[in-house]
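Engineer: Structure provided below as C-alpha cells; questions to follow.
The values are calculated or read from the model by the stated rules, or taken from the named source; none is laboratory data. Computed from a prediction, not measured in an experiment: that's the story for all the values here. Cβ: placed from backbone, ideal geometry, glycine included. Neighbour counts: every protein chain shown.
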Amino acid sequence: MSISHTIRIAFDIQDENINFKEDCARAGTKNGHACTFLEGTLTYTPTHCDRCHAGNEDYTIIKNGTKTSTIVIPAGGTKKMYLELRKQRFYCKQCQKTFVGKTSLVNEGCFISKDTCLQAGIKTAEARSVKDIARDCAVSPTTVQREINKASQELQTYDRTLPENLSFDEFKVAKGQMAFIYIDVVSGDLLDILPQRDGRTIRNHFTTYFTFKQRKKVKTVTIDMNASYQGVIKDLFPNAKIIIDRFHIVQLMTRAMNKTRVKIMQAFNTSNGEDKKKYRRLKRYWRLMLKPSEDLSSTEYKHYTMFGQLPSKSVVDTMLKYSDELKANHDFLQRFFKAFDDRNYDDLEEIVKGKLDDNISSYMKTSIKTLKEHLPHIQNSFDYTYNNGRIEGINNKIKVLNRVAYGYRNFKNYKNRILLHFAYKPVEPQKKKTQNKTHVSAA
C-alpha cells in the first residue's frame, strides 16, 4: 500500500488524483495558531480543455507548471489542519489558454474542503454557538452560518403534505416578539417556524403551502389555552378537533390554588409567634398542598420540620385547619383531580358548572371560568392521548440554543439554525415504541 493511499484513507480524501510523498506533514503556524500542514500534489491527464472544451488529442493539452492552494481540511487531532495542494496547471494549444486541475475535495473557487463544511453542519446538532463551531472547524463564523443557511434551505422543501395530527405552540425570539412553531404530534418532527404567531401570518402560511383538500385531512390539533389559535384552526382545518394540552389544564388549577395559599400565608406574616409558625409551615410545604390526596400517605411517617414525625396527609390536614378558604379551595382541587385522573368528563363538567362554595377564592373562580370556556376542547383531551409534551421539549432546546448564542438579531439565521439542529440530531438506539401519552401530574 502506497503512502498516498494510506494518507488518503487516514484523512478521508476521496480524490485519487491527489498524491503524497514521504515526510509530507510538517508543523507550523497560521494566524498565530499552531497547526499541521500536509503537502500534496494534484495531477492527472485531462480529457478536454476547461476553456474551449476541445478534446485532448495528440497532446493538444500539456502540463504548464503548478499553482499552490491552502485548503482547510478536518483536523485529525487537537491542531488545525491545512492541505497545501499543488494543483497542476495545463496549457491548451487550441485556444492558447491555461486552466488549473480540479478536485472533488473542494468546490471550484473555494479553499474550504467539502468535509469541513459537512463537519460544521453536523456540529450544529450540538447546543453550541456558531463561533464555537467555527473555532473547531478552523473557519470563520460567517462560513458556518452560510453552510447552515444553505443546508436548511434544502430541508425547507414542502412536499405539499400535512400529518393528520398537529401540535401548535410559540416561543420567544426577541423582546416583545413571539414566534409560531408547529410539529407532527405523533413523530415529533419539527415542520416549520413562523416569525409571528398572529392569525394573519398563520393563515397566509398554511393557505400558501397547503391546499384546502390537504388541510381537510388534518384530524387533530393540540394546543395550550391560547384562545387566538382556536379561530384560526377552525378556518384552516375544518375537520380537525382541537385538543387542549392536559398539562396546561392541570397547571391552570394548581396555579390558582398556589396563589390562594400565598394570599392566606401572607395574612399570617405578623409578629405573633403562632401566626408566624403557620406562615412558615404554609411557605415550606406548598408542594404537599398541590398533590392529589391519593399521593399523600397516612401510614408512612417522616420527619417534617416544624411538625415532627408525621405522615404527609396529617401535615396537609393540619395546614388546612388554618383557613376555611384554604380548605374549600383544596377540596375543590381534589375533586377536580379525581375527575381528571379518571378521565370522567361528565364529573368534570358537573364540578366546573356546579354551585361553588362561598369560600372559593377569586383566583380559583377565574380559573374555573377559563375552564368553562374551553370545556368542549377539554373533552377532546379525554378522548385522545395526544399532548404538547414533544413541542414543549423542542421549545426548551430552542431556548438553550438562543442562550448559548447570546441571542439572534436575524430571525432567518435563528430559524435556519433551529431547523438544522433538529434535522441533524443524533440517532438514538431504538427502543420499544410507546404512544405519545400524557402523564398527569398535579405538582
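Engineer: Among the residues of segment 67-85, is any part of a loop (DSSP other than H, G, I, E, B) and acidic (Asp, Glu)? Please lay out each step first, then the result.
Structural biologist: Residues of segment 67-85 part of a loop (DSSP other than H, G, I, E, B): 74-79.
Add one more test, that the residue is acidic (Asp, Glu), and what stays is none.
No, that holds for no residue.
Engineer: May I pose another question? The conditions are (1) under 41 Å from the mean Cα position of the chain (by Cα); (2) loosely packed, with under 15 Cβ neighbours inside 10 Å, and LYS321 fails exactly one of them. Which is it?
Structural biologist: (1)
Engineer: Name the residues in segment 224-247 that are touching a His at 6+ places or on another chain (Cβ under 8 Å) and of a type in the set (Val, Ile, Thr), would you?
Structural biologist: Hits for segment 224-247 are ILE242, ILE243, ILE244.
Engineer: Return yes or no: is VAL139 touching a residue at least 24 places away in the same chain (Cβ under 8 Å), over 16 Å from ASP12 (Cα atoms), aliphatic (A, V, I, L, M) and surrounded by 14 or more Cβ atoms within 10 Å (Cβ to Cβ)?
Structural biologist: Details: touching a residue at least 24 places away in the same chain (Cβ under 8 Å): yes; over 16 Å from ASP12 (Cα atoms): yes; aliphatic (A, V, I, L, M): yes; surrounded by 14 or more Cβ atoms within 10 Å (Cβ to Cβ): yes.
Here the answer is yes, as VAL139 does meet what is asked.
Engineer: Still on this model: Could you say which residue among ALA328, ALA339 is modelled with pLDDT of 95 or more, of a type in the set (A, V, I, L, M) and surrounded by 14 or more Cβ atoms within 10 Å (Cβ to Cβ)?
Structural biologist: Details: ALA339 fails: modelled with pLDDT of 95 or more.
That would be ALA328, the only listed residue that is modelled with pLDDT of 95 or more, of a type in the set (A, V, I, L, M) and surrounded by 14 or more Cβ atoms within 10 Å (Cβ to Cβ).
Engineer: Filtering segment 1-32 down to residues that are crowded, with 16+ Cβ neighbours inside 10 Å and among the aliphatic types (A, V, I, L, M), which residue is nearest to LYS114 (Cα to Cα)?
Structural biologist: If we take residues in segment 1-32 being crowded, with 16+ Cβ neighbours inside 10 Å and among the aliphatic types (A, V, I, L, M), then ILE13 is nearest to LYS114 (Cα to Cα).
Engineer: Next question, about the same structure. Name, by its number, the condition in (1) charged (D, E, K, R); (2) more than 30 Å from TYR386 (Cα to Cα); (3) surrounded by 14 or more Cβ atoms within 10 Å (Cβ to Cβ) that does not hold for ASP169.
Structural biologist: ASP169 satisfies all of (1) charged (D, E, K, R); (2) more than 30 Å from TYR386 (Cα to Cα); (3) surrounded by 14 or more Cβ atoms within 10 Å (Cβ to Cβ) except (2).
Engineer: In segment 319-331, is there at least one residue being among the acidic types (Asp, Glu) and in contact (Cβ under 8 Å) with a residue 40 or more places away in the chain?
Structural biologist: Initially, segment 319-331 is screened for residues among the acidic types (Asp, Glu), giving 324-325, 331.
Of the ones still in play, those that are also in contact (Cβ under 8 Å) with a residue 40 or more places away in the chain are 325.
Within segment 319-331 (the criterion being among the acidic types (Asp, Glu) and in contact (Cβ under 8 Å) with a residue 40 or more places away in the chain), the answer is yes, since at least one residue qualifies.
Engineer: Restricting attention to helices (runs of 4 or more DSSP H) lying wholly within segment 157-238, give those where 2 or more residues are in contact (Cβ under 8 Å) with a residue 24 or more places away in the chain and among the aliphatic types (A, V, I, L, M).
Structural biologist: Values: elements: 199-209, 212-215, 228-236.
Per the criteria, 228-236.
Engineer: Mind listing whichever residues of segment 50-80 are touching a Ser or Thr at 6+ places or on another chain (Cβ under 9 Å), surrounded by 15 or more Cβ atoms within 10 Å (Cβ to Cβ) and farther than 25 Å from SER113 by Cβ?
Structural biologist: ASN56, ILE61
Engineer: Output the number of residues of segment 212-230 satisfying the condition of being more than 19 Å from ASP383 (Cβ to Cβ) and at pLDDT below 90.
Structural biologist: 3
Engineer: Among the residues of segment 348-365, which ones are assigned to a helix (DSSP H, G or I), crowded, with 16+ Cβ neighbours inside 10 Å and free of Cβ contacts under 8 Å to residues at least 40 places away in the same chain? Steps first, please.
Structural biologist: We begin by selecting, within segment 348-365, every residue assigned to a helix (DSSP H, G or I); these are 348-353, 362-365.
Right, trim to crowded, with 16+ Cβ neighbours inside 10 Å and you get 348-349, 351-352, 363-364.
The answer is LEU348, GLU349, ILE351, VAL352.
Engineer: Quick one: which of LEU83, LEU42 is in contact (Cβ under 8 Å) with a residue 12 or more places away in the chain, in the same structural domain as ALA10 (by TED's automatic domain parsing), within 20 Å of GLY28 (Cα to Cα) and surrounded by 14 or more Cβ atoms within 10 Å (Cβ to Cβ)?
Structural biologist: Values: LEU42 fails: within 20 Å of GLY28 (Cα to Cα).
Just one listed residue meets the conditions, LEU83.
Engineer: Now a separate question. Residue check, VAL250 against (1) farther than 24 Å from ARG409 by Cβ; (2) among the hydrophobic types (A, V, I, L, M, F, W, C); (3) over 21 Å from the mean Cα position of the chain (by Cα); (4) not in a helix (DSSP H, G or I), all met but one. Which one?
Structural biologist: Failing condition for VAL250: (4).
Engineer: Filter segment 400-416 for residues that are under 10 Å from VAL173 (Cα atoms) and of a type in the set (Phe, Trp, Tyr) and give the result.
Structural biologist: Of everything in segment 400-416, those that are under 10 Å from VAL173 (Cα atoms) and of a type in the set (Phe, Trp, Tyr) turn out to be TYR408, PHE411, TYR414.
Engineer: If I filter segment 242-260 down to residues being modelled with pLDDT under 95 and charged (D, E, K, R), which single residue comes out as surrounded by the most Cβ atoms within 10 Å (Cβ to Cβ)?
Structural biologist: ARG246
Engineer: I've got another one for you. Look at segment 279-318 and say how many of its residues are acidic (Asp, Glu) and surrounded by 17 or more Cβ atoms within 10 Å (Cβ to Cβ). Talk me through it step by step, then tell me what you get.
Structural biologist: If we filter segment 279-318 for residues that are acidic (Asp, Glu), which is where we start, we get 294-295, 300, 317.
Checking the rest, the ones that are also surrounded by 17 or more Cβ atoms within 10 Å (Cβ to Cβ) come to none.
Here the count works out to 0.
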